[in-house]
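The numbers here are math on the coordinates, done by the rules we state, and not lab data. Quick caveat: nothing in here was measured; it's all calculated off a predicted structure. We place every Cβ from the backbone using ideal geometry, glycine too, and count neighbours over all the protein chains shown.
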Amino acid sequence: MARYLITSAIPYINGIKHLGNLVGSQLPADLYARYMRARGHEVMFICATDEHGTPAELAAAKAGQPVAEYCAEMHTVQARIADGFRLSFDHFGRSSSAQNHALTQHFAAKLDDNGLIEEVTEKQIYSRADGRFLPDRYIEGTCPNCGYERARGDQCENCTKQLDPTDLINPRSAISGSTDLEVRETKHLYLRQSALREKLDTWIDAKTDWPVLTTSIAKKWLHDGDGLRDRGITRDLDWGVPVRRGDKDWPGMEGKVFYVWFDAPIEYIAATQEWADANGKTDADWQRWWRTDLGAQDVTYVQFMGKDNVPFHTLSFPATIMGSGEPWKLVDYIKSFNFLNYDGGQFSTSQGRGVFMDQALSILPADYWRWWLLSHAPESSDSEFTWENFQVSVNKDLADVLGNFVSRVTKFCRSKFGEKVPNGGEYGPAEAALIARLQTSLIQYEGHMDRMEVRKAASELRAIWVAGNEYLQSAEPWAVFKTDPGRAAAIIRLSLNLIRLYAVLSEPFIPDAARTLLDAMHSDDDSWPEDIKSALTALPAGHEFSVPDVLFRKITDQERLDWQARFAGVRG
Ligand SMILES: [Zn+2]
């Protein structure tokens, strides 16, 4: 038994995420966590909401709520939806937790002890009407390069030129529209990432098992232009982790908070502490996952994220950890994803284009979405959700292949032998061939799951379902029964055992259906098969079962057309 620490990139607090967000980190992370648990390993699976920063403040203001209240409410909403998708987090934390406050302040103090924090006085735009400093992207004005009138202070989206807010002509607050702006001096803490460049470089060079896509992104940031830049870790905001030096004041930094990019990844650690605190565990219980001096030296740490998050997890967060000089666990493997597009375009949160997580669950159960999303995960390139493809995939893979097998076997048995595993007959060459085929597939399937090859794993699982169907089709128990009932009994005995095995192997992808199948087989034996042959003897002759309800229903053409129209844009 090994130990796996698994984290999913933490979703931002404002609003409900769409299916593209789900398949970009949380869902494949859940697949891997479930698989590793099924293999008997010890797993700690962590996610959280990312709650600080200006977008949360603005969303709260728009909702007419205090920001803390807004975040608490949205966290509950996101947690409920995650539960609906059966995301099996050991803990779904909050970056605004007391634990994350303390840990973020602790890391800042350690970094400062090690000479990696610098105080920088800079000029920033202050809005008198809004009573606050404005982050770069909340200042709008005319682009000096192309004349576009709604350029943002960090970049002109029309000509893509990188800008400083002071470059803008006629600058105004994007929050209030006020032009009553002035440049004020303010002091901020900077993390001297440049001082950690060599250390990071050496560390990344050692990651020979990482995909080139991942290491090349990191290398580009390390070496292009001036190389890795020092970066501000504080902000003039009210909402966030107050800037303190561990548990002491930080003179000159009163009223400031840590920048959200700094505190968010520390929440992976803090959320594990939240888990310990919420479950009556000790500090040692969470530290053995994170401190290599306190038990984490044999932990394998895997992170799941979208490709846009890679620089951050290969450089910024490791810089914080390495710079602390303390023996915190660094990531061992990063599994990153491309983007999922929606029906000929992109998902759009602002335009309400595409299917959002709450809407998805309101029209079909989680397993339908889990299966489609995972079997079409955007791994080697971007992939696209279309309703046609979704309909075909659900109807064929889930209803025709898996569902139909279960239905035919259980109903035939009930009508000819009753609701118990039939006795009699012998296994012959057809069964030996099936077992050999499934044994080969099982090894393939395990290999893909071990390597986090999500689509390949889905395709092998489908092949395992297909093998059962093809066996049943050629063994023809319904025809054989007329002349040789014993032989038909042997075929059905094996097939009922196959249903239990399908439940075990399919659980990481479709956990609810797996539960239904195990319940129908009146079995609580969900142990991963050592080998196929012995796994197919788990249910002996005479063992009772029930015929389950329809496992997966088909999506009709009318439903497909209705949903296509309903999710085309502008969320109501
Ligand atoms: Zn421009």
Each residue of region 525-534 in turn: what ³J(HN,Hα) in whole Hz from Karplus with 6.51, -1.76, 1.60 and θ = phi - 60°, glycine and Pro shown as x? 7, 10, 5, 5, x, 6, 9, 4, 4, 6
What is region 376-465 by shape, rounded, prolate or oblate, if you read a ≥ b ≥ c off the alpha carbon gyration tensor as root eigenvalues and call it rounded for a/c under 1.5, prolate for a/b larger than b/c, and oblate otherwise? oblate
proj_area_mean for region 119-185 (convex hull on C-alpha atoms), units nm², value 4.3 nm²
Everything considered on the Cα gyration tensor (a ≥ b ≥ c; rounded for a/c under 1.5, else prolate if a/b is larger than b/c, else oblate), region 307-346 must be described as prolate
Please tell me the relative contact order of region 206-292 in percent, rounded to the nearest whole number, where contacts are Cα pairs under 8 Å and at least six residues apart. 19 percent
Determine the dipole magnitude for the chain: charges of +1 sit on the beta-carbon of Lys and Arg, -1 on that of Asp and Glu, nothing else is charged, the reference point is the Cα centre, and the result goes in debye to the nearest 20. 1040 debye
Distance from region 430-445 to region 77-121 (C-alpha centre basis), Å: 46 Å
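Taking every DSSP beta bridge that has both residues in the chain, what percent is antiparallel when rounded to the nearest 5?
Numbers: 30 of 54 bridges.
If I count the DSSP bridges inside the chain, around 55 percent turn out antiparallel.
Helix by helix, which DSSP H runs in the chain go 24 Å or more along their axis at the Cα atoms and have an average Kyte-Doolittle hydropathy of 0.0 or more? Intermediate values should be presented prior to the final figure.
Numbers: long enough: 67-84 (25 Å, 0.02); 260-278 (25 Å, 0.11); 429-450 (32 Å, -0.02); 454-475 (32 Å, -0.07); 485-506 (31 Å, 1.00).
Length and hydropathy pass: 67-84, 260-278, 485-506.
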Cut-off under 5 Å, modelled amide H: who pairs with F337 long-range: M305, G306, K307
Expressed in whole Å with the largest first, what are the equivalent ellipsoid semi-axes of the chain derived from the C-alpha gyration tensor as the square root of 5 times each eigenvalue? 51, 27, 20
Dipole axis of the chain (+1 Lys, Arg; -1 Asp, Glu on Cβ), positive-most option in N170, S393, T160: S393
Give the residue from A319, M305, G280 lying farthest towards the positive end of the charge dipole for region 276-328; charges sit on Cβ (+1 for Lys and Arg, -1 for Asp and Glu) and the dipole is referred to the Cα centre. M305
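How high is the relative contact order of region 3-109? Use alpha-carbon pairs under 8 Å, at least six apart in sequence, and give a whole percent. Walk me through the numbers before you get to the answer.
Working: 115 pairs, mean separation 36.6, N = 107.
About 34 percent, as a whole number.
Is the C-alpha gyration tensor of region 148-288 telling us rounded, prolate or oblate? Criteria: a/c under 1.5 is rounded; beyond that, a/b larger than b/c is prolate, otherwise oblate. Don't jump to the answer; show the numbers that get you there.
Numbers: a/c = 2.12, a/b = 1.27, b/c = 1.66.
Because a/c hits 1.5 or more and a/b fails to exceed b/c, region 148-288 counts as oblate.
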So what is the relative contact order for the chain, in percent, with contacts set as C-alpha pairs under 8 Å and at least six apart? 16 percent
Farthest positive-ward along region 449-572 dipole, Cα basis, beta-carbon charges - from L518, T483, L561: L561
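For the chain, the longest stretch holding no GluC sites (Glu not before Pro) located in a DSSP loop with at most 15 other Cβ atoms within 10 Å is which? Let's see the in-between values first.
On the way: sites that count: E149, E157, E254, E419, E426, E530.
The longest such stretch corresponds to 255-418.
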Cβ-placed point charges (K, R +1; D, E -1), dipole of region 216-294 about Cα centre in debye, nearest 20: 300 debye
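Checking the table K62/K110; K219/K329; K281/K329 against a 27 Å threshold on Cα-Cα, which pairs fail? Can you show the working numbers first?
Details: K62/K110 38 Å; K219/K329 21 Å; K281/K329 20 Å.
Going by Cα-Cα distance, K62/K110 fall outside the 27 Å limit.
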Value of [θ]222 nm, deg cm²/dmol, for the chain, DSSP H segments ≥ 4, -39500 (n - 2.57) each, nearest 500: -13500 deg cm²/dmol
